[in-house]
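Structure first, then comments.
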Amino acid sequence: MSNLSAGILLFNRKPSLEVLLAHPGGPYWWDKDEGAWSIPKGEVEQDEDLLHAAKREFEEELGFIPKGEFIELDSVKQKGGKTVYCWAVEYQIPDDFIFAPNEFKMEWPPNSGKTELFPEIDRIEYFGPFEARKKINPAQRTFISRLIDYCSRNQ
């Protein structure tokens, strides 16, 4: 089911709306910024509940499952054909949070025969909606718009 992912768009509203995005790790992403960021997400396992998958993947990537009301933001289809389902949740990350990403192995440099470890996500950051729309994968911009619509109706 590699054509299906689920993730969580963490947000807070104080003092103004901000969303948490993740930047992919590894050498292919080092020099990419605008359009490269994503919601923390991952593949849905066969017959897995989509929200469960989103929570599992968020915990694998960030080390915790946020508590709160999970707001369904539906799905988008990315350029490569992957469908991504997203839920938003308002949650304040504790001040003592330490970001410790998972790692993956890959041959680097290419065709060198050497294997190196790289973080799956090399950084996370909060962005306001305008900046987040520039940073996030273009297909996922819809999630930010849907969250703004939700927040404007539920202040």
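With a cut-off of at most 13 other beta carbons within 10 Å, and DSSP calling the residue loop, which chymotrypsin sites (Phe, Trp or Tyr not before Pro) in segment 1-71 qualify? Please list them. Answer in residue order: TRP30, PHE64. The label-point distance for ARG153 and LYS79, in a model that sets each label 7 Å from Cα toward Cβ, rounds to 3.1 nm. Per-residue ellipticity at 222 nm, computed for the chain from helices alone with -39500 (n - 2.57) per DSSP H run of at least four residues, works out to -6500 deg cm²/dmol. Across segment 35-51, computed HN-Hα scalar couplings (Karplus, 6.51 cos²θ - 1.76 cosθ + 1.60, θ = phi - 60°) run x, 9, 6, 8, 5, x, 8, x, 5, 8, 7, 4, 6, 7, 4, 4, 5 Hz from first to last residue, x flagging Gly and Pro. Is the chain rounded, prolate or oblate when judged by the Cα gyration tensor, a ≥ b ≥ c being the square roots of its eigenvalues, rounded requiring a/c under 1.5 and prolate requiring a/b larger than b/c? Note, shape of the chain comes out prolate.
Label reach from HIS52 (point 7 Å along Cα→C-beta): in segment 1-29, amide nitrogens under 18 Å belong to 1-2, 4-8. Rounded to the nearest 0.05, the FRET efficiency derived from the C-beta distance between ILE93 and ASN3 at R0 = 35 Å is 0.70. Loop only per DSSP, at most 13 neighbouring Cβ atoms within 10 Å: give me the chymotrypsin sites (Phe, Trp or Tyr not before Pro) in segment 97-127, ordered by residue number. Answer in residue order: PHE97. Annotation for segment 39-84: trypsin sites (Lys or Arg not before Pro) lying in DSSP loop with at most 10 further Cβ atoms inside 10 Å of their Cβ are LYS67, LYS79.
Applied to segment 59-69, the Karplus parametrisation 6.51 cos²θ - 1.76 cosθ + 1.60 on θ = phi - 60° returns per-residue 3J(HN,Hα) values of 5, 4, 8, 10, x, 7, 10, x, 9, x, 7 Hz, with x for Gly and Pro.
Computed from the coordinates by the stated procedures, all read-outs in this text should not be read as laboratory data. Please read these numbers as outputs of a predicted model, since none were measured by experiment. FYI the Cβ positions are ideal-geometry reconstructions off the backbone, even for glycines, and counts take in every protein chain you see.
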